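Reviewing the structure listed below.
The values are calculated or read from the model by the stated rules, or taken from the named source; none is laboratory data. This one's a predicted model, so the numbers in the text were calculated from it and none came from an experiment. Here the Cβ positions follow ideal geometry from the backbone for every residue, glycine too, while neighbour counts run over all protein chains shown.
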Amino acid sequence: MSLLVHSKKHKSNERIPPVMATINNPAVPQGSLVLVTGVNGFLGSHIADQFLRNGYKVRGTVRDPSKEAWAVDIFSRLYGDDKFELFGVPEMELERVYDEAVKGEDPSQPRTVYAADGWILIL
């Protein structure tokens, strides 16, 4: 993703990558699997994008993965085929519906972080 700029300072229609903050000593190692709920929404998709940009893998929950294939297409194109996956949670209000979604690569070290209005689980 980049910003299209047209000004005297920059070449005509030059693409400028966005400036990203870097994390020098992250509490959660890069490459960890992150679960972002509501990844098809405005906040969820931007949160997923930030994690992917910073070297994490993302599993995003949606009600119906077949209706949200655009997310897989975009994130796979930007970050590679093995960095993003969708997980269907059709009835989010039921108890224990996220049990399968939160199964991570290392279940002995679960971590949870709360951000915006949705849960982000570092698996």
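Evaluation of Trp70 against the conditions (1) within 23 Å of Asp99 (Cα to Cα); (2) in a helix (DSSP H, G or I); (3) modelled with pLDDT of 90 or more shows that the sole unmet condition is (1).
Of all residues in the stretch 30-53, those that are part of a helix (DSSP H, G or I) have Cβ atoms under 8 Å from Cβ atoms of residues that are aromatic (Phe, Trp, Tyr) and modelled with pLDDT of 90 or more, 6 or more apart or on another chain, in Ala48/Phe75; Ala48/Phe84; Asp49/Phe75; Leu52/Phe75; Leu52/Tyr79; Leu52/Phe84; Arg53/Tyr79. Condition check for Leu43 on (1) aliphatic (A, V, I, L, M); (2) at pLDDT 90 or above; (3) surrounded by fewer than 20 Cβ atoms within 10 Å (Cβ to Cβ): one failure, at (2).
Pairs meeting the criteria (first residue in the stretch 69-84 and of a type in the set (S, T, N, Q), second residue not in a helix (DSSP H, G or I), beta carbons under 9 Å, at least 6 apart or on different chains) are Ser76/Asp82; Ser76/Lys83; Ser76/Phe84.
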